[in-house]
Each structure stands twice: as structure tokens, then as C-alpha cells.
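Remarks on the structure that follows.
The values are calculated or read from the model by the stated rules, or taken from the named source; none is laboratory data. Computed from a predicted model, the values in this text were never measured in an experiment. Cβ atoms come from the backbone with ideal geometry, glycine included; neighbour counts cover every protein chain shown.
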Amino acid sequence: MIFGFNTDIKQESTVYHVQSEAREGELLLQTQVFVRGRCIGKRAISYADKAKSAEFTDQQKEQILRDQHRMVLDSIRDGKLDSVLDKKDAEALAAIKELDVQLINTDSVHNERNLVMKLKVTESGTGVEGARLTMRFARAEKAPFYAQVLTDSGGTAEMKMEMEESALTDSSVLVQASYSGRTATRKFQLKKVEA
């Protein structure tokens, strides 16, 4: 009998695809975890000893695999995936880095007739050089404005465009950071700060 389980689960901003199957030829019950199509780790247990017994059924095998699948899902929900993966795979998981983009001048984005946005792109908390920032500035009743910049050695970039402060009312900026084949997107709502 061939059986398996597939589940997508989201933890914070990451979607994990968990796939479990019985590998009959190798007498293994294996659960693999994928992020963006890349396998980041697995857990495999042998059932070779149990397979020698005539009393070991496909239903028992399926239940063991189902329990293993559920355990991996629970570990993702609890933020402890690395504790259940095979050791070498847990080390690979630690190498997966999260990309993030932040607005670092939230208190003063308008200055002398200019919209000035200072942004920082980080990977596991460290600034990254050469990340491409694509910005879409949506304005009420006007066509959107687009801009693109690259981050410097500290992971920061500045976007500046001439604009009346009154145009900031009901406006938003969508920023997408792209780096090493990964992206992070943030939306910033703009509003006039009353003095």
C-alpha cells in the first residue's frame, strides 16, 4: 500500500510544506519540510525491524507516519522545527535566513517639499548590501508612482521625491525587497503628523 500526507502550514511569514511518505524500498518513514520549493530538512525513521514481524500491518505503518507528520507540524507551530529534524538537516535549517524591510525614519518622511523614505533591508537582523527595493507610491485619485533603489553596504537605501505634504494624506507606499532570489514586502501608510 502506498500512502502519504501533504500539509501547508504558515508560521509567522513563512509557509512550510510538509510531506510525509513511506519509502518502501528503503523501509523508511520519511517526513520532509520544504520552504519555497527547497527542502530544508527531514525526519526519517526505519521500520526494518518491525517489517520482519508478520504482525506489523500497513495500518500500523500508516499510523506511525501520521504521528510523525503531526509531530513535525506541531514543532513548526511551536517554533521548534530544528529540534525534530535529523541533525545534519537541523544545521541546514539554521542557515536559512529571513529577509525583512523596515522604514527607519518613521517620524519624519516629509522634509522641504520632499517625501524622503529611509529603508533598511536585513537578513536575520543584519543589513544586506545590493538588495533591490521597488517602491509603489499609491496616491488618491492619481496614477501610482514607481521608484527603484539598491541598498548600500549597511543595508540602507533612501528614496526621495518632490511632493507637497498635502499629497501624503490617504497615501501608501508598497515596498518590495529582493535579494538572493527571496523577497519581502511591506506596506507603509502615510499620514501627516500634527505638530
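Structure summary
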{"read-out": "Selection count, region 85-103, where residues are modelled with pLDDT of 65 or more and surrounded by fewer than 14 Cβ atoms within 10 Å (Cβ to Cβ)", "value": "2"}
{"read-out": "In region 48-84, residue surrounded by the fewest Cβ atoms within 10 Å (Cβ to Cβ) [restricted to those that are in contact with a helix residue (DSSP H, G or I) (Cβ under 6 Å, 6 or more places away or on another chain) and in a loop (DSSP other than H, G, I, E, B)]", "value": "PHE56"}
{"read-out": "Failed item in (1) modelled with pLDDT under 85; (2) part of a loop (DSSP other than H, G, I, E, B); (3) closer than 19 Å to ALA184 by Cα, with GLU129 passing the rest", "value": "(1)"}
{"read-out": "Every pair of residues 6+ apart whose Cβ atoms lie under 6 Å, when the first sits in region 153-170 and is at pLDDT 90 or above while the second is among the polar types (S, T, N, Q)", "value": "GLY155/THR122; ALA157/THR151"}
{"read-out": "Residues of region 132-148 classified as modelled with pLDDT of 80 or more and either surrounded by fewer than 18 Cβ atoms within 10 Å (Cβ to Cβ) or not hydrophobic (A, V, I, L, M, F, W, C) (or both), total", "value": "6"}
{"read-out": "Options ILE9, ILE45: the member that is in contact with a helix residue (DSSP H, G or I) (Cβ under 9 Å, 6 or more places away or on another chain), within 30 Å of THR185 (Cβ to Cβ), of a type in the set (Val, Ile, Thr) and not in a helix (DSSP H, G or I)", "value": "ILE9"}
